[in-house]
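The values are calculated or read from the model by the stated rules, or taken from the named source; none is laboratory data. All of these numbers come straight from a predicted model, not from anything done at the bench. In this analysis, Cβ positions are derived from the backbone assuming ideal geometry, glycine residues included, and neighbour counts consider all displayed protein chains. Note: areas computed on protein heavy atoms with side chains; ligands, DNA, RNA excluded. Shrake-Rupley method; radii C 1.70, N 1.55, O 1.52, S 1.80 Å.
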Amino acid sequence: MQTIVLGGSMSLSGDNADLGALYRDSYQLTVDAVNEMGGVEAGDGNTYELELIIRDDETDAANSKSIYQELIDQEGVDFLLGPYSSTVTLPASAVAAQKQRPMVEGGGASPKIFSQGNEWIFGLLPTADKYALSMVDMAAAQSPTPESAGLLVQDDTFSTSAAEGTRDRLDEHGIELVVDETFPSETSDLSTNLGKVRDAEADILIMCAHQKHAVIMAKQMETQQVNVDMAGATVGTLSDKFKEDAGANGDYLYGPTSWDAGASFEDPIFGDTQGFSQAINDAYDYNPDYHNAAGAGVIETYVNAFQNVDELDPTKVRDAVRDGQFSSQYGEITFLDNGAMDISMLVKQWQPDTGKVLVWPEAVQQEQPIYPMPAWSER
Amino acid sequence: MTRYAAGVLEFADAHGWKIIAVLAVVGALPPLFGLEGGFYMTVATLTLMFGVLALSWDLIGGQTGYPSFGQMGFFGLGAYTTAILVKDQAVAFPVAFLVAGVLATLAAGVVGLIVLRLRGGYFAIATLGILLVAQQVSRNLEVTGGSSGKILLDVPPATTFYYVLLGLLVAEVAVVYYLTGTRFGYVLNAIRDDEGKATSMGVNTTYYKTAAWMLAALFTGLAGGSWSLFNTFVDPNTAYNLSWNVEMIAMALLGGTGTVAGPVLGAFGLHLTIVFIQSVSLDVTLPLLGPTTINFAGWQLVLLGLVVIVTVVSYPQGFVGELRERASAMEYYRHAGGAAGQETSHDETASPDGGERT
Amino acid sequence: MAVAQFVVNGLLVGALFASIAVGFALIWGVVEIINLAHGEMVMLGGYVSYWTVRSVAGEGAVSPVVALASVPVALVVLFVVGYGLQRFVVSRVTGTDLFLTLLVTFGLSIVIQQLALQAWSADPRTVAVQFTPQSFDVGGVFVPKTKLLAFVGAIVLTVLLWAFLRYTRRGRAIRSVAQNPDAAALLGIDVEHTRALTFGLSSAIAGGTGAFIGMILFVQPQMGLIYTLKSFVIVVFGGIGSVPGALLGGLLLGSVEELTAGLVSSQWTLAVSFGLLIVLLVVRPKGLFGRGVEGEP
């Protein structure tokens, strides 16, 4: 049987190694599952086995670029799997455009990736500007209605994009932005900025950053006695590791997710979403989150495209990806013209008795959000 | 070995310009004979670029004795200039390229007023400070794209940059080679060896220092200006990259500071070694882990660190410096090492002690 | 009121900068080395503390006593590491061009960082210390207890070092090597050993501070560089070889940073700190209490 090679770089060491591993696990699981099912029956009449090449880019843009170049030039890879993190995905997508090979990614959400006129990049995550919107909507629907908000933004591309979207949505709801601060990624101390949020008496706090800062926020909100009705971060508040590090301080915090393990979308490889969750559990002994789901979705996007072309040519596969529309454990996968997907986030909250539960939108919530958050002195 | 070393140096001294010309022609050939865009092209182009950087650093560091830890500041300035002009102002690359060089030189002039008054370690730290401030500023400004930097999709083909950087390297080698044979180069070395004495002899050291500093910045800025488009991406972390600053110093040291060929050889050698190590991928079966692929991807920095340590500790004169030492050891032996009064083996072609310019 | 909180935040964290900078100042003054790997000593100390706490108390938050007990462990381990580094590696470039020492120590810092990364991954590690409630409320200004603990700890370490230098024989030996190594040698002082001792002490205090940092913030392989860079600013301000200068400089730098973050924006804190470095170098390179060294105009 012939082989199709899917290749890419991923954060297997460094700051994002935890999350990079989730993608690699999902890629491997899905490729293995496809091969066990007999391979891909491509539209050109042949059946192909899938092969995976993943190299460590250490979340470094320069490494990633040269890995993709090497994969294309040396290893003859025609179909690229995107890296993790917008910082790396943005330059990697430029390589895809230069070399005219399609790249499907589940790890880069900055809208900048999709606004460059790049016809070769496709992303499964909602764009960064959407990340905090659902949390804002949810807060706005509660009572007492929030009137003011504090926004803390890490100065990386993903977080600043998320912040832009958040500002617009706050404005639409008529919520006044009383604190709007950007902090350098290397900062580990948010006391001063949190103090400002407290002094401005903001009703809600949104932080656009990553997991490390989410933990700090959780801890320093207590030491600085920052009491708000709702606090959430764009990334990192929903992982088990976060709860471990933050402990009880993580209770009542919110976070967005593009996927829920309890959903039941039909999937051609795993049966449905629950089937996928089970497969991940069986293979790797952990509960999957949206990173896993997106990773598997990347492979499934290619499989679907291969099935719909009459020739395995990069340009034709690219077009098949763009025109494709199918249901998977991730949800319905279909791309906009600019390569992004148009999905909204769900919101989850850590509730002391029940753990991490889906609280928004109301149509699919598992529990009501506990709003407002109890003050620190009352816990 | 010493005889060989002396021979090489003599040949190089006598035929310097011809060697440069030949190397320039040889360097121009690869793209014509199959080296197309892609991985190897990137490696070749970056190797040329590091050659330019190491030599620029050496001009102010090795020749003049002012070791700059902020040379990358000019690189970044050049990189952002071309990126912003080409992307946001639709300026043609050649024009943007020249502007980058001019800006870098001017910036050097201004910064030089402040930092060239300091010496040695203090100068190094001050230049480090400049680099860090430049990095922070470009992270916080809109025009530079903040921490996301700028991405450029519509750029000239990779071969263009290969030739630009080749041309830059040849030009710089020619300029430095020429200068080291003139009074200008001599004064720079005098400043390095004993600035106090030079000043007391009436030399306007400020003028010479600043000229060298600005010349180094010019080439660095031009290198940066081509790099940003070649890379299709520029961000504060890579454009103002402290690691690269250390790398260029290590390259100059490895090859031999204060020489013309040294930094270039050091750049080629070190960069190619690093690339090689990075790309080595062995499929082995380890006892406990079973079949695994060992990839050295993460270890090139360790290698760099070790290279720096070993070079500084054991070989501070670098490769060309070692050559020179051995060569002059040979000279000594041939002309005076024999017991007084004995005839030394004559060698009419031995050059008298001049022209140590390699 | 807000300003008072900023200043308090700044002083609390500034003491940590100070105790790190003190070691840096000492190495610069005594061993005549600009130690770019100093921040890595902080990082290693943080990890030593983290692993000590984990192996004794398992996961989860720990009592202040347990956390504090890990500090001496960090002190001892880093003393040994520092002593060894100086004796076997750095001593080869001591006394040569200051710039070469910059390079060697930078090389060292890269190697240590990468080894740490390979060994422990980049996961941020933290030691959560149990205090209930978490902060003191001093008239509306919040003083987190763990930070106060770290503050006191850093000051204590600094004062101990200063007293050691002032009042013990070894300490005096160190100071005489700083002033005049040749004269010191003539007096029978083992200069090499003294230098290594200094390096060890400086690394120890840096490591101890790293342990405290692990309690209030995070420990990660690449956290060191920023502390090294801040030490530069502090030592240039306070003077090479001066302990009081470093202490004052650290507290001031912390306050300046937090005030910048509070009144302007945290985006600009680093630019301000590094800008200060340049200004100080140009205006007053000798620093407040220090003596000039070679290379100074």
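The figures follow:
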read-out	value
Matching residues, segment C:154-179, being open to solvent by 10 Å² or more (accessible area, probe 1.4 Å), at pLDDT 90 or above and small (G, A, S)	C:A163
Subset of segment A:188-200 [open to solvent by 30 Å² or more (accessible area, probe 1.4 Å) and without any contact (Cβ under 8 Å) to a residue 12 or more places away in the chain]	A:D199
Helices (runs of 4 or more DSSP H) completely within segment C:160-250 that count 2 or more residues being more than 24 Å from C:V76 (Cα to Cα) and without any contact (Cβ under 8 Å) to a residue 40 or more places away in the chain	C:169-179, C:181-186
Count of segment B:301-327 residues which are open to solvent by 60 Å² or more (accessible area, probe 1.4 Å) and over 24 Å from C:F88 (Cα atoms)	4
All positions within segment C:194-208 that are out of contact with any His (no Cβ under 8 Å at 6 or more places or on another chain) and within 23 Å of C:S121 (Cβ to Cβ)	C:G207
Those residues of segment A:128-150 which are outside any loop (DSSP other than H, G, I, E, B), out of contact with any Phe, Trp or Tyr (no Cβ under 7 Å at 6 or more places or on another chain) and buried (at least 24 other Cβ atoms within 10 Å of the Cβ), in sequence order	A:K130, A:V136, A:A139, A:A149, A:G150
Qualifying residues in segment B:241-266 (those that are small (G, A, S) and modelled with pLDDT of 85 or more) - the one most open to solvent (accessible area, probe 1.4 Å)	B:A261
Restricting segment A:348-365 to residues that are assigned to a loop (DSSP other than H, G, I, E, B) and at pLDDT 85 or above, the residue that is farthest from A:T234 (Cα to Cα)	A:D353
Within segment A:93-127, tally of residues that are open to solvent by less than 10 Å² (accessible area, probe 1.4 Å) and either within 14 Å of another protein chain (Cβ to nearest Cβ) or assigned to a loop (DSSP other than H, G, I, E, B) (or both)	16
Helices (runs of 4 or more DSSP H) wholly inside segment B:1-120 containing at least 3 residues that are within 22 Å of B:L153 (Cβ to Cβ)	B:39-58, B:71-88, B:93-115
Odd one out for B:R117 among (1) surrounded by 18 or more Cβ atoms within 10 Å (Cβ to Cβ); (2) facing chain C (nearest Cβ under 9 Å)	(1)
Options A:G43, A:G38: the member that is of a type outside the set (D, E, K, R) and either touching a residue at least 12 places away in the same chain (Cβ under 8 Å) or at the interface with chain B (Cβ under 10 Å from one of its Cβ atoms) (or both)	A:G43
Residue match in segment C:236-247 (condition: at the interface with another protein chain (Cβ under 7 Å from one of its Cβ atoms), buried (at least 24 other Cβ atoms within 10 Å of the Cβ) and under 21 Å from C:A15 (Cβ atoms))	no
Single match in B:A100, B:A107 (criterion: modelled with pLDDT of 90 or more and either open to solvent by less than 10 Å² (accessible area, probe 1.4 Å) or under 12 Å from B:A223 (Cα atoms) (or both))	B:A100
Matching residues in segment C:54-71 - criterion: being in a helix (DSSP H, G or I) and either free of Cβ contacts under 8 Å to residues at least 60 places away in the same chain or within 14 Å of another protein chain (Cβ to nearest Cβ) (or both)	C:R54, C:S55, C:V56, C:A57, C:V65, C:V66, C:A69
Enumerated strands (runs of 3 or more DSSP E) restricted to segment A:1-82, each holding at least 2 residues that are at negative phi and open to solvent by 20 Å² or more (accessible area, probe 1.4 Å)	A:2-10, A:47-56
Count - residues of segment B:182-215 that are open to solvent by less than 50 Å² (accessible area, probe 1.4 Å) and either under 21 Å from the mean Cα position of the chain (by Cα) or free of Cβ contacts under 8 Å to residues at least 40 places away in the same chain (or both)	19
Options C:S19, C:S109; residue that is of a type outside the set (A, V, I, L, M, F, W, C) and more than 13 Å from the chain's Cα centre (by Cα)	C:S109
Flag if A:Q225 is touching a Gly at 6+ places or on another chain (Cβ under 6 Å), open to solvent by 10 Å² or more (accessible area, probe 1.4 Å), polar (S, T, N, Q) and at pLDDT below 95	no
Count of residues meeting criterion [within 15 Å of C:Q5 (Cα to Cα) and within 14 Å of chain A (Cβ to nearest Cβ)] in segment C:248-263	10
Check on A:D180, of a type in the set (D, E, K, R) and facing another protein chain (nearest Cβ under 7 Å)	no
Meets criteria (under 21 Å from A:Q307 (Cα atoms), among the hydroxyl-bearing types (S, T, Y) and either open to solvent by 20 Å² or more (accessible area, probe 1.4 Å) or within 18 Å of the chain's Cα centre (by Cα) (or both)) for A:T87	no
